[in-house]
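The values are calculated or read from the model by the stated rules, or taken from the named source; none is laboratory data. Keep in mind that this is a model prediction, so the values were computed, not measured. A quick note on method: Cβ atoms are made from the backbone with ideal geometry, for glycine too, and the neighbour counts reach across all protein chains shown.
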Amino acid sequence: MPPQEALTLVQLRYSHFNEKVRWALDLKRVPHQRRTLVAGFHKPYLRKLGCRTTPVLLRDGEVWERDSTDIIAVLEEHYPIPPLYPAAPEARERALALEDFCDEEVGPYVRQAMFYVALPYTRFFMDTFAGHLNIYLRTAVGLAVAAGRSNIRRGLNLTPEAYRESRQKLTAGFARLERELDGREYFVDDRFTVADLTVAALLSPMLMAPEHPHRPKQTLPKPIRNFLDEWNEKTTMLDWGRDIYRKHRGAQ
Ligand SMILES: N[C@@H](CCC(=O)N[C@@H](CS)C(=O)NCC(=O)O)C(=O)O
């Protein structure tokens, strides 16, 4: 029986770990509200909750669960339909292992590489992270990004060496995913599971899928477009991800 309490997702708009949880909530049609924090100004609010990162799921204003994987586990328990976990233990283990692999070995490097390439483009940041705000607040965020660029660079370790490492991680991550998928439509059990949801959501900043609820609406700056074109050439996983979005990211 689903809980009757009021649920709130504390989120950052464009973040792919948040997209992972939004997708699960939407798919399971879980009634909830969203509290959107602005990246860069999010820390004090999270600190008050005793958390460091988003997503966080609140129940009646208290932290119910944090971390995308744990949030999906609690949703799966309380809102089992449609199931995201395979029923058979072996298949479930494989799906959860893939979720874990993407959380650790793919998601952080997608973020790091994208930030490295996109950081010079203030408007891109305003639209992706502050697109829900009015023009005045959006401009204030834009100015803060422009003024705080070197802090952001330091905070997220956006050095050329870290960028090189993230590209190596992405090459290895995509190779493993391609091997695991082996040309099939889905990773486990021939149906959509938490493995497919996680891979597609964590690749979402590189997909620009029309079904993404917060996809940037502006024309992408050329270096970002070039970066995406390059990876679209290198791996089949981005086409696969867009396909999964088209087939499974309808409800919002
Ligand atoms: N393992 C965590 C990772 C979450 C995470 O990295 N969240 C980022 C956004 S993509 C965040 O909130 N960062 C804020 C910060 O580091 O200050 C999860 O799965 O939820």
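Evaluate the range 75-96: report whether one residue or more is within 12 Å of the ligand (Cβ to nearest atom), within 27 Å of PHE174 (Cβ to Cβ) and not charged (D, E, K, R). Checked the range 75-96: no residue is within 12 Å of the ligand (Cβ to nearest atom), within 27 Å of PHE174 (Cβ to Cβ) and not charged (D, E, K, R).
Report yes if ALA113 is closer than 30 Å to TYR163 by Cα, away from the ligand (no atom under 11 Å from the Cβ) and either aromatic (Phe, Trp, Tyr) or buried (at least 17 other Cβ atoms within 10 Å of the Cβ) (or both), otherwise no.
yes
From the list LEU57, LEU25, LEU12, pick out the single residue that is modelled with pLDDT under 95 and touching a Leu at 6+ places or on another chain (Cβ under 7 Å). Give the derivation first.
On the way: LEU57 fails: modelled with pLDDT under 95; LEU25 fails: modelled with pLDDT under 95.
Result: LEU12 is the single residue among LEU57, LEU25, LEU12 that is modelled with pLDDT under 95 and touching a Leu at 6+ places or on another chain (Cβ under 7 Å).
For the range 74-101, the tally of residues that are more than 16 Å from PHE192 (Cα to Cα), surrounded by 17 or more Cβ atoms within 10 Å (Cβ to Cβ) and of a type outside the set (Phe, Trp, Tyr) stands at 1. Restricting the search to the range 76-113, which residues are among the hydroxyl-bearing types (Ser, Thr, Tyr) and over 17 Å from GLY241 (Cβ atoms)? Selection gives TYR79, TYR85. Going by the conditions given, is LYS48 of a type outside the set (Ser, Thr, Tyr), near the ligand (Cβ under 9 Å from one of its atoms) and not in a strand (DSSP E or B)? No: the conditions fail for LYS48. Among residues of the range 166-217 being of a type in the set (Lys, Arg), modelled with pLDDT of 95 or more and in a loop (DSSP other than H, G, I, E, B), the one that is surrounded by the fewest Cβ atoms within 10 Å (Cβ to Cβ) is ARG184.
Scanning the range 16-45 for residues that are in a loop (DSSP other than H, G, I, E, B) and either more than 12 Å from the ligand (Cβ to nearest atom) or surrounded by fewer than 16 Cβ atoms within 10 Å (Cβ to Cβ) (or both) turns up LYS28, ARG29, VAL30, PRO31, HIS32, PHE41. Considering the range 59-81, the residues that are in contact with a helix residue (DSSP H, G or I) (Cβ under 7 Å, 6 or more places away or on another chain) and either assigned by TED's automatic domain parsing to the domain that holds PHE192 or in a helix (DSSP H, G or I) (or both) include one that is farthest from THR8 (Cα to Cα), namely THR69.
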